[in-house]
Structures are given as structure tokens and as C-alpha cells.
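The values are calculated or read from the model by the stated rules, or taken from the named source; none is laboratory data. Since the model is a prediction, treat every value here as computed from it, not as a measurement. Neighbour counts are summed over all protein chains in view; Cβ atoms, including those assigned to glycine, are modelled from backbone coordinates with ideal geometry. Protein only, heavy atoms only, side chains kept; ligands, DNA and RNA dropped before computing areas. Shrake-Rupley method; radii C 1.70, N 1.55, O 1.52, S 1.80 Å.
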Amino acid sequence: MSGAALGLEIVFVFFLALFLLHRYGDFKKQHRLVIIGTLLAWYLCFLIVFILPLDVSTTIYNRCKLAVNSSPPENNGSYVPLAPSKPKCFKPWSYIPNGIMPIFWRVVYWTSQFLTWILLPFMQSYARSGGFSITGKIKTALIENAIYYGTYLLIFGAFLIYVAVNPNFNLQWNQLQTIGIAAANTWGLFLLVLLLGYGLVEIPRSHWNGAKRGYLLMKTYFKAAKLMTEKADAEENLEDIMEEVRKVNESIKYNHPLRKCVDTILKKCPTEYQERMGRNMDDYEDFDERQNSYPSEKSLVKLHKQVIYSVQRHRRTQVQWQILLEQAFYLEDVAKNETSASRQFVHTFQSQESENKFFQYFYTPTVEWYWECLLRPWFYRVLAVVLATFSVIVVWSECTFFSTKPVLSLFAVFIQLAEKTYNYIYIEMACFLTIFFLSICVYSTVFRIRVFNYYYLASHHQTDAYSLLFSGMLFCRLTPPLCLNFLGLTHMDATISHKHTQPTAYTSIMGSMRVLSFIADGFYIYYPMLVVILCIATYFSLGTRCLNLLGFQQFMGDSEMTSDLIDEGKELIRREKRKRQRQEEGENRRREWKERYGNREDSTRSRAVHTDQKESSFSETNTNRPLSKYTRSNGRTERDRIELLQDAEPLDFNADSVNDDPLESESGR
């Protein structure tokens, strides 16, 4: 099994990252480089989280071997074997051979740092650029990142000058590398504590509120009112942008040098707008630079960028509105079925998506009723209590992990107890649950936060390229300090434990933080204590109240604005519900009409076809007979048809138009 666990986790984490990226990104419409860059960033960060417990168990096994094979020297300096006070070391099932982990961590860490500081910021500017060629987009990206890169180079250059001038410093390349790593981890730890303080409180509270049906329904109404406002704003913005595109399309004709740029813009527009502009296009007119003023290429680049943004936003709001409607209808169905005596879940509307037959076989209406109306609220409450317990343990350990005698960090206590018995399964499970919970608290906050319309991770393939790349940057910057914080909580970091033991392979590539003692002994130890203040602020919703005072409507139960938006959203949901009910009733009536009268119509058509065949055969048989016999009857029939037509169609009362001869009136008509 040597190395097999590492290979299995590498494959599993890849498919996990691919699944999440498929949920938020759009593989068909977004650029391949954006998908590859985001996938690589997410994959490397998730890989660090999953592989680090294996590094811990391997390090504990190596420490055990060193402890068994050596003992403190006697007075004469010779070594004697240790007394069998410790159990015999045995190799863990997930043991990774020596030399593999340092190379693995070095490749993963420096690749993630290259992505987050160099490649992904450049790709962000490239994706948002409105240029019409690759060269133009690269030029725009370089200009936008010049200030970004120049700031870091200026700070780094000032630091190098200070080190060169000061005679007390004699830095080597390894120490300089450690300083760079410490600077990146300090920036990441600053953001990490902010996100962690929010997630430690909000995740248990969201699961506890998930057991309240009335709370979820009211919040859904609130979201519907806000989303409708955003949806109307997106539609209005799209209309304004399309009007500008229409003017540009009409002014720049087919033989203008910038016509290719206009065609590129038109391809990014929705289909209905393309058809409308295509019908109003007069390409036979030549352009004349002396008569008309034409837009410049720079203005077309700006317009192209606005079109991409407005179309993406409009599409996202439309999809989110449909998803929110389905969620609201389902919560209303749950509220109605809670009082059902039959204990079978009845849906108001059938699901539009085709469900799996295997899932339908086991998830019957009775099972669905017991789960949704009876078991799910209790499950969410129990899960919320478990998550809240983990949050309390994390907060306590963050405030006390610097204490080594006695050991106050609960995670360090658990690991040290397992280390005494060398229970590697328990060690790996404890490490995995700890770092997994920390990752969920941090990463879920990254997925939830929204910076206006510039950064927003929307599910169901509605996230734009800029937000995907920005999330990859955040993950790559947050994961290394998250892992160092985890190693500090478990006292696996020698900087925290103050023990001269073999460090983990992950800590070895970070270098000794003793080069910057004020960071190692100050910032890394005492700054995480601020998580207590952030948890208290999140518990009392101070951030939500501040945003509400600034005019950004947030869901608050004791706010008058919140109640007004809930009433507005409830009316919107009721209106959409009636609209969908009318559509389904119309479809049902058409279906019943086809089922009831479809056979009669088919029989009528077949009878008519049979009659026509008989008449045609009868006429064919009578063609050989003399026609003089039927001349009078045919003339009388024609005269009768003319009289019927005259009786059926009223004539204008005009003396000039009246004619005694019906044949002449027929011919005139």
C-alpha cells in the first residue's frame, strides 16, 4: 500500500475539483484557458488539504523510528537502546516513502504561488478585456497589471536596499526565500482569520435555521424581491447596450475597416437582437468619412466589454430567477404537506427535469413526506449542534495553541494521545476532520461573498470568467496559511511546539520562520486570537446591520424594510405561480382535446379521402359518355351557385354598380 493512498487521493481530488468547477463554470461557452487555470488552482488547493494528514502520519512514524533506534548518551558518550516503554512502531497503511513528500510539496506550493501572483491576475485582465485580437487583449492585460506588479516590485526592492545597507543582516538565498514565503503567508493569514471568523458562526447557524420552514420561506421571498430588482436592472442595462450596438451597426457599413469589430460584437449579442439588427441592416450603402462621424476602435473595445458583461449578467439573473421560483414553490409545498393526513408528498408542479428512475423507485412520495416534513428538520438541528461544537473547539484552540506546558489546544491533545499508541487511522481521521472543517469554514465564505457585480460565484454554470479566476487566486493565497495554522493547532509545527523533532515535509519547504522573529513569535501566534472578536460580531450580525444602514438591504427579522421586501416577494411568487398554473391548465386542455377528438378527426380525414377517391373514380368512368346530356344540368348548377353568391354577399347601394345580368356581375367580380 506504499504510495497507493497518495495516488488514490490525487485522482479523487481531481474529480472533486472538476465536479465543483462544472457546477459553477460553463465548459461550453468559457475559454479553455480560463477553465484550465481555474481547475488547476482549485485542484492544487484541495490536494494540499487532503494530502496533509498523510504527511502528519508519516512524520509521526519517522519520529517513532528515530526514538526507537536512539537514546540519550550516557556519561561516557555511548548510546544504549531505549527501554521498551513505547510500543513497537509499525508502518502505517498510508506510509509515503522518504523523499517523495518534499518534492511533492515543493512542486504544489510553487505552482500555486505562480498561479496566484502572476498567471491568474494576467488571465483576469485578459478575460475582461474587450479587445478584438489576441495581441490587443495581451496589451490591455499588461497595462492593467503594470501597477499591480510594480507595487510588489517596489516593496521588494526597498526591502533589498535596506538589507544591503544594514550591516547586521547577512541574508542568503534560502533566508530570502523564507522571507518571501513569510510575506505571502502573512497576507493570507490576515484574510484567513476574517473569513474563518465568519464561517465558524454562520455555517452552524445556517444549518440551524435550515430546520425552520417558515424562516426559509420568508428568506426566499426576500431574495425574490431583491432578485427581481436586479433582474429588471439587468434587462434595462441590456436594452441600453443593445441600443448603442444598433446605432453602431447602422453607422458602420459593410466596407468600413472596423466592420469586422462590429460583427464580433454582434456575435456576443443575444439571438433575438441579432435577428432584429440583421433585418434593419442596409449593406448596399457605402460609408463616407466626410459625411458621418464614426466611432473609434477604442470606443468599440469599450462597447465590446460592456456587451460581454451585460449579456452575462442578464443570462445569470434569468437562470437564478427560475431556480428561485422552483425553490419557493417547493418550500410552499412542504408547508402545505406538513398537515397532510395521507402522509404522501404532493407537488403543486411536476419537476421539469427528468429524474432518475432508480431514485424515483426508492424516493417515493411517502418517503419524501417523512424526510421533508419529519426527519430533515431534526437532522439539520443535530448537524448544527455538531458543527457548533467543532466551532467552539476551533475558537478555544486558536486562543490557546501557543501554550505547550500545559497543552491547552484540544486538537493537539487528541493528536498526542493518538501518537502515544501510534493509532495512525485515528491520527489521519482526526487530522482530516480538523483541516476539512477549517477548509469548509473558509472556502464556503469565499463561495458566499459577493463584491457587487465584480465577484460573484453563481451555481448552475452562471459564473463569469473573472469571478472563477479570482476564486482561484483566493484559494491559492488562503490554503498555505490555513495549513500552517492547522499544524500550529496540532503542535506539529516546531515553531509552536518548541521541540527539536523531525518536522513535517510541508513545514520543511516553508523554511525556518526564525529569520523574522517578530512574525514567527508575534503575528502568527497572537493574530489568530482576533477570531473571537469576529465570531462575536458575526453572531450579533454587526456586519449585516452596518450594510443595512448603508442602504444595502439585508435579511433582518426586526427590520421594516425586510418585512416590506418579504411582502413584495410573496406577491411576486404568487403571480408567477398563477401564471404557471394557467400554462399547465392550457396544456392539459390541449392534451385532453387531442385524446378525445384526435381519433374522430383521423376518421373524418380518412372518410374524406375515401370520398374524393370515389368521386375521382366516378368521373373517370363517365368521361367516355356523351357530354351533351349533362350540359343543361351543369348550366343550371352554375346559375344556382351565382344566385347563392349574390344572396350571401351584400352589394353596396350604388346605381352604377347594379347590374341585371348576373353573369356579367360575376365576370366583373
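Out of 484, 469, I need the residue that is open to solvent by 10 Å² or more (accessible area, probe 1.4 Å) and hydrophobic (A, V, I, L, M, F, W, C). Which one? Give the derivation first.
Details: 469 fails: open to solvent by 10 Å² or more (accessible area, probe 1.4 Å).
Result of the check over 484, 469: 484.
Scanning segment 396-429 for residues that are open to solvent by less than 20 Å² (accessible area, probe 1.4 Å) and among the acidic types (Asp, Glu) returns 398, 428. Candidates in segment 455-494 are the residues that are more than 14 Å from the chain's Cα centre (by Cα) and not in a helix (DSSP H, G or I); of these, the one that is modelled with the lowest pLDDT is 493. Across segment 495-509, the qualifying residues are those that are part of a helix (DSSP H, G or I) and under 21 Å from residue 96 (Cα atoms), and the one among them that is modelled with the lowest pLDDT is 509. If you take the residues of segment 95-118 that are in contact (Cβ under 8 Å) with a residue 40 or more places away in the chain and outside any helix (DSSP H, G or I), which of them is least open to solvent (accessible area, probe 1.4 Å)? Restricting to residues being in contact (Cβ under 8 Å) with a residue 40 or more places away in the chain and outside any helix (DSSP H, G or I), the top hit is 96. Checked against the criterion of being among the small types (Gly, Ala, Ser) and modelled with pLDDT under 90, segment 220-227 has no qualifying residue.
The combined condition, being open to solvent by less than 20 Å² (accessible area, probe 1.4 Å) and either in contact (Cβ under 8 Å) with a residue 12 or more places away in the chain or not acidic (Asp, Glu) (or both), is fulfilled by residue 446. Figure legend. Inter-residue proximity from segment 398-417: first residues over 19 Å from residue 524 (Cβ atoms), second residues of a type in the set (S, T, N, Q) and modelled with pLDDT under 90, beta-carbon distance below 8 Å, spacing 6+ or different chains. No pairs are indicated. On the given criteria, is residue 285 modelled with pLDDT under 85 and touching a Lys or Arg at 6+ places or on another chain (Cβ under 9 Å)? Spelling it out, residue 285 is indeed modelled with pLDDT under 85 and touching a Lys or Arg at 6+ places or on another chain (Cβ under 9 Å).
Residues checked against (1) of a type in the set (Gly, Ala, Ser); (2) touching a helix residue (DSSP H, G or I) at 6+ places or on another chain (Cβ under 8 Å); (3) buried (at least 16 other Cβ atoms within 10 Å of the Cβ):
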| position | (1), (2), (3) |
| --- | --- |
| 338 | no, yes, no |
| 342 | yes, no, no |
| 347 | no, yes, no |
| 357 | no, no, no |
| 374 | no, no, no |
| 384 | yes, yes, yes |
| 394 | no, yes, yes |
